[in-house]
Amino acid sequence: MRRYPKVVLTADRTLMSPYRGISLASFFGCAPALDFDRDHNSFLYHVLRNQVTPRVLFDFICNPIEHTNGYASYAPYGLRKVEAALIRDGYRREDIVVAHPDHVEKFIGPETEAIGTYEMDPLGMGPVTMTFTYGRKHMSYDEFYNRDLHLRINAAKARTGSKAKVIAGASGTWQYNYDPAKIEEYGLYGIVEGELGGIGPEIDGAAGPFFDALIAGEFDRANPFKKSQFKVEIKEFVRNDKTLHGRFIHYWNEPSIDEIPNIVNPSMHGMVEVMRGCGRGCKFCDVTLRPLRYYPVEKVQKEIEVNMKYGGLKNAWIHSDDIFVYGLNPRTTKNMQPNREAIEELFKGIMATGIEHTNPTHGTLAGAIADERLIPNVSKIIKSGPDNHIGIQCGFETGSIRLIGKYADRKLSPYRPDEWHWVVKNSIKTLNENYWVPAFTLIMGLNNDETPEDSWETIRLIHEIETEQPDSKFTTTPLTFVPIGLLEKSDFYDIGNTMDPAKLGVMYKTWQHNFKYGIQKFMSKVGRDNPIKDWFFAQLASTLGGVPLSAMEKFARRKGPEHERVIEKIKANYW
Ligand code: SF4
């Protein structure tokens, strides 16, 4: 009998935390961890050394997931899919371990053949992280803990003489193309990439054949003449006169719904998926490159039941690229008009499982109001109310009519780009009236095409909403542009070096909004019933909320009068 499993699957701490039950806090992994350039004579260095967000605070919020003898009790949904796919494809349950990151060493030994790491932002290059770390000038917690995981895996391999191949997968693996030195540093055997490089492949369609080929050594040497569903590419990178190599393994089949396995163990935050792909075609997004597929209600219910039965979960976090697209055919549906009946049936089926709370992860603002009965009807089904707010992430992207029309016109369908401001304002009203709270993301430096006038349009739009709807509830998170999707050939927006005054203004305004309208007014009132916890989180949030504002004011002083004038203008006219 084997003492060690054949396959170990794991993810770093930032992806394996319940974040104390606040699902939106999972963004906290993007926070800056270390500043290697801090002046050793500074006061901060004497207090915190290199730490930016104190580690003790981060570790408190990002509390480790539960486990049983090192087996993770909950795991990222994508990792659970790979586990389920391996079992479907003939691997025995005892051959696979989904390991808790703090106990991964226990499972690595001479008989371990493959270690799969699930990576969403391994090098801290995701849009949120790039914003918080000034374009990787600081090391983020995402990168810090991913690095920590790989170093520990390598130490365990060295200690036990394990020859296990470490393979990195999931949606963040594109980042290794931009910092290939990490491939060697982390001892990665291979990196799984989709057909277009930037998009994570849906490996759950062929997990068994993939791991079989990996273990059999078929990826060791690429044989271009052998027909295979996996293509091995040895990429060469030249960095600072050094030539680096990385083995990238591509897979490009998109499994049909029947080929996507159901999870067999509980997922993190009770996440279950209801669709893959999105037909809206925003140029800066890679999700839209995937064919659109919907889970039937029964398949969704089966996964929720796994989470309830084995994880004791009472909520279902519905992974949806645009929930308001669910059930429609973008080729034949005029103007992307939502299929209200299908969406209602989906949520009725979800609630019929007996869960107490559900919310979709993403949805478009235009989709939310395109059918005026949609949000009120769904709200009744999922029982939203003053004590049951429904959080949803929505792409606000930009206040610029020019940019939204140029890069995301179908995101607005059935409306026109010149109606964008009306769409934003009305959807906030409709969502809030039905106890939904949108968490907006904005893109700074979209395709490096954002002019100062575009930025001011964004600032003005946020301010207009605040003044016209003073009780509205929403948050705004600015993200820096990352070249993925149809814009993958573009350059990153370099926030650290090219933040012009107006873009600093967007960042300042969004944080001021979060601080004043989001955190101070709202945070303590949402979904908490413990007064001590309430008080603690309100204090924590308001302290943390003020930090970025002071940091930006300091940054403006350093940059010069033009940047300072923007801050003053916002304080005077848009506060
Ligand atoms: S609506 Fe969202 S998921 Fe769909 S293409 Fe646009 S950004 Fe991507």
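Odds and ends about this structure:
- Signed unit charges on C-beta, dipole axis of the chain, positive-most listed residue CYS394, TRP174, MET16: MET16
- Label positions at TRP252 and VAL47, each projected 7 Å from the Cα along the C-beta direction, are separated by 5.4 nm.
- Under Karplus coefficients 6.51, -1.76 and 1.60, residue-wise ³J(HN,Hα) of the range 248-253 in Hz, glycine/proline x: 10, 10, 9, 9, 10, 7
- Trypsin sites (Lys or Arg not before Pro) lying in DSSP loop within the range 138-190, provided at most 14 other Cβ fall within 10 Å: LYS163
- Beta bridges per DSSP with both ends in the chain, % antiparallel, nearest 5: 35
- Ranking VAL300, THR451, CYS278 by Cα position along the charge dipole of the chain, where only Lys, Arg, Asp and Glu carry charges on their C-beta atoms, puts VAL300 farthest toward the positive end.
- Two-site label geometry, ASN573 and LYS429: point separation in nm, points 7 Å out along Cα→Cβ: 2.5
- Shown here for the range 27-95: trypsin sites (Lys or Arg not before Pro) in loop regions (DSSP other than H, G, I, E, B) with at most 12 other Cβ atoms within 10 Å, namely ARG49, ARG92.
- Span from the the range 425-500 Cα centroid across to the the range 47-81 one, whole angstrom: 29
- Neighbourhood charge, 14 Å Cβ-Cβ cut-off, centred on ASP409 and excluding it, Lys, Arg +1 and Asp, Glu -1: +4
- With a cut-off of 13 Å on the backbone N, the residues of the range 277-318 near the modelled label site 7 Å out from TYR71 along Cα-Cβ are 310-311.
- R0 of 30 Å, Cβ-Cβ distance LYS314-LYS106: FRET efficiency to nearest 0.05: 0.50
- Separation between Cα centres of the range 322-400 and the range 136-163, rounded to whole Å: 39
- Packing-based ranking, highest mean first, of 63-73, 319-329, 25-35 given that Cβ atoms within 10 Å are counted: 319-329, 25-35, 63-73
- Estimated dipole of the range 1-127 in Debye, rounded to 20 [Cβ of Lys and Arg +1, of Asp and Glu -1, Cα centre]: 360
- Computed FRET value (nearest 0.05) for GLU464 with ARG3, which takes r as the C-beta separation and R₀ as 56 Å: 0.30
- Approximating the spin labels as points 7 Å out from Cα along Cα→Cβ, the ASP39-to-ASP212 distance works out to 6.3 nm.
- Surface analysis of the chain yields an accessible area of 42 Å² per residue, using protein heavy atoms and a 1.4 Å probe.
- Dipole magnitude of the chain about its Cα centre (Cβ charges: Lys, Arg +1; Asp, Glu -1), debye to nearest 20: 540
- Within the chain, helices built from complete DSSP H runs that reach 30 Å or longer along their own axis (Cα positions) and carry a mean Kyte-Doolittle hydropathy of -0.5 or higher are 531-559.
- Each peptide in 279-287, 559-567 receives the mean, over its residues, of other Cβ atoms within 10 Å, and ordering these scores from highest gives 279-287, 559-567.
- Most positive-pole-ward Cα, THR430, ALA370, LEU313, against dipole of the chain from beta carbon charges: LEU313
- Whichever lysines have a C-alpha closer than 29 Å to that of LYS163, once near sequence neighbours (fewer than 8 apart) are set aside: LYS6, LYS81, LYS106, LYS182, LYS226, LYS227, LYS231, LYS235, LYS242
- With the cut-off at under 19 Å, measuring from each backbone N in the range 14-46 to a point 7 Å along the Cα-to-Cβ line of VAL56 picks out 32-35, 43-46.
- All-pairs alpha carbon distance profile, the chain, 10 Å steps from 0, percent: 3, 17, 28, 29, 17, 6, 0, 0
- Beta bridge orientation in the range 245-390: antiparallel %, DSSP, nearest 5: 30
- Cubic angstrom per residue, convex hull over Cα atoms of the range 163-261: 109
- Peptides ranked, highest mean first, by Cβ atoms within 10 Å: ranges 308-314, 503-509: 503-509, 308-314
- Solvent-accessible area assigned to carbon and sulfur over the range 18-165 amounts to 57 percent, based on a 1.4 Å probe.
The values are calculated or read from the model by the stated rules, or taken from the named source; none is laboratory data. Quick caveat: nothing in here was measured; it's all calculated off a predicted structure. Glycine gets a Cβ as well: all are built from the backbone with ideal geometry, and neighbour counts include every protein chain shown. Just so you know, the surface numbers come from the protein's heavy atoms only, side chains and all, with ligands and any DNA or RNA stripped out. Shrake-Rupley method; radii C 1.70, N 1.55, O 1.52, S 1.80 Å.
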